[in-house]
Amino acid sequence: MNLYDLSLSQAAQLLAQKQISSLELTKAVLARQEETEPSLNCYITVTPDLALDQARRADERRAQGKATPLTGIPLSLKDVINTQGIQTTAASRMLQNFTPPYDATVTRRLLAAGAVLTGKTNADEFAMGSTTETSYFGPTRNPWDLKAFPGGSSGGSAASLAAGSCLGSIGTDTGGSIRQPASHCGIVGLKPTYGLISRYGIIAYASSLDQAGPMGRSVADVALLLQILAGFDRKDSTSIPCEIPDYNAALTRQVKGLRLGVPREFFVSGLDEEVQAAVERGLALLAGQGVELVPISLPHTQYFISTYYIIATAEASSNLARYEGVKYGYSAPRQGANLEESYLNTRGQGFGQEVIRRIMLGTYVLSSGYYDAYYAKASQARTLVIEDFHQAFRQVDAIAAPVAPHPALDLGQAGADPLTIYLRDIYTIPCNLTGLPGMSIPAGFSSQGRPIGLQLLAPRLRENTLLSLGAEFQRNSDFHQQRPVSQE
Ligand code: GLN
């Protein structure tokens, strides 16, 4: 087995037993990165020199007996997470030359634990999209099938994991951006409870929905990363001051007797047959381990998409107002006759088409005269969605769902019709509207060999339940152990 094929927890164990060094591991991962990047384009910035330096320091730290489980592990970070002194672009021309003067809390925690940074991963521009095709730096390809998109917006993170150019990654999820690429690339992605991981230093898309989270090859890997990332941060006003449980302990907890809800509204026409079959097999597997499947209803499912796209674009239009060519990033070379013209030039050139579309939509739904009809209505609908889940979790411990209605589509299929792509978010959006945790785990492959994920949702701060169910699933399946055949 190649070192880059190890799961994060396997590597952590080998490092702890001193069977391998971080330098060896990091060299293997960097060689894999060099080999795969020309065909996959997972990274916007690679940091091999830094990684080697960090690996050497990690080995020293271990020799001194001060290692954590993450010390010496090569990780990638989505390029919306600030890294001091390392370019952070949000996959946009607007921030092409932006070098943050400080680390995000996520970055700081990982570095303090001794992690090794392989680079900053590609994404949809400002995390807007679900295919990684709206990046200013070109699309990422899916390691399982180079013709397919990897999902998005954290597509570079998922693809780098599937390919072996890192052993873990941190993505962000506003409406599915961790879980969808995880599903399409055959890895595990966890979107935690809103407020569990600090958003400080993460470039904002829609602040009431954005949440960072871990991506890994196994549920155990994700638990390990979550343990380091979760926790109160006074620099984020929405951070939850709560006790952080032992996530590792959740991995071996009994799932027998847990009640798993299956929403009637999720299994309807429009759901691809192969996805439905994989999800049903996954449910049967869990039922075989003593999990009780309970039919439930989420009556406001039909409002998920419209509610989300009004709230997300409204918040985006406000968050992205700061990019005007003066304080940050790109400045149009021909500045214009007056201030307004210079803003227009900078924003017209600095933002891509999808970002501009969303700023326009968001500005429209917030404008006087339309605010009540759209934004206020959407906020009310959001409350109804929250209430749906509230009711459901009176009956069940967790809820099962598909992640995306189809396996990954071919690259290029998305561009022509944004609406088709928005509709693909139906199963991932509710977690963000409600702030609940959700996880995608590998659950099968399509006849074309493209991975399919199973999604599990839990009540607020019950990441533990997701980890217990996911770990049980992975003890009884081997989808997560399969690796794509190199097509480079
Ligand atoms: N696909 C959704 C969107 O485009 C979600 C993206 C995300 O989670 N960042 O808004």
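Read the figures in this text as sums done on the coordinates, not as results from a lab. All values reported here derive from a predicted model rather than from experimental measurement. Note that each Cβ is placed from the backbone with ideal geometry, even for glycine, and that neighbours are counted across all protein chains shown.
Placing pseudo-labels 7 Å out from each Cα toward the beta carbon at residue 147 and residue 57 gives an inter-label distance of 4.6 nm. Largest first, the three principal axis extents of the alpha carbons in segment 113-167 are 33, 25, 15 Å in whole numbers.
Across q = 0.11, 0.21 Å⁻¹, segment 96-242 modelled as identical point scatterers on its alpha-carbon atoms has Debye log10 I(q)/I(0) values of -0.37, -1.38, in the order of the q list.
Here r is the Cβ-Cβ distance between residue 273 and residue 96 and R0 is 56 Å; the resulting FRET efficiency, rounded to 0.05, is 0.85. Listed here are the pairs 27/66; 120/191; 235/377; 78/327; 78/235; which of them are more than 26 Å apart at the Cα? Violating the 26 Å limit, Cα to Cα: 235/377. Residues whose amide H lies under 5 Å from that of residue 293, counting only those 5 or more places away or on a different chain, are 260; hydrogens are built 1.01 Å from N in the peptide plane.
Packing around the peptides 24-37, 165-178, taken as the average count of other Cβ atoms within 10 Å per residue, puts them in this order, highest first: 165-178, 24-37. Our analysis of segment 297-450 gives Rg over Rh at 1.06, with the two radii drawn from alpha carbon positions and Rh computed by the Kirkwood formula. For segment 238-349, the spread of Cα positions along the three principal axes, ordered from largest to smallest, is 70, 41, 25 Å. Of the peptides 426-433, 369-376, the order by per-residue mean of other Cβ atoms within 10 Å, starting with the highest, comes out as 426-433, 369-376.
With both residues required to sit in the chain, DSSP beta bridges show an antiparallel share near 65%. Over all pairs of different C-alpha atoms in segment 324-372, the reciprocal of the mean inverse distance, the Kirkwood hydrodynamic radius, equals 11.9 Å.
Working note: 222 nm ellipticity from helices only, DSSP H runs with n ≥ 4, each -39,500 (n - 2.57), summed and divided by the residues of the chain, gives -11500 deg cm²/dmol to the nearest 500.
Computing Rg and the Kirkwood Rh from the Cα coordinates of segment 83-152 gives a ratio, Rg/Rh, of 1.03.
Share of pairwise Cα-Cα distances greater than 29 Å in the chain is 44 percent (whole percent). Contact order for segment 190-267, expressed relative to its length and based on alpha carbon pairs under 8 Å spaced 6+ residues apart, stands at 29 percent. Orientation-averaged projection of segment 160-246 equals 5.6 nm² [convex hull of Cα atoms, one quarter of hull surface area]. Working note: Cα gyration tensor of segment 288-337, eigenvalues times five, square-rooted, sorted largest first, giving semi-axes of 47, 15, 7 Å.
Take the Cα pairs of segment 1-113, get the Kirkwood Rh, then feed it into Stokes-Einstein at 37 °C and 0.692 mPa s and tell me D in µm²/s. Once the numbers are plugged in, D ends up at 218 µm²/s. Would you kindly give the portion of the calculated P(r) for segment 28-75 that falls above 12 Å, as a percent of all Cα pairs? Everything past 12 Å amounts to 66 percent.
The calculated FRET efficiency for residue 482 paired with residue 357, based on their beta-carbon distance and R0 = 60 Å, is about 0.95.
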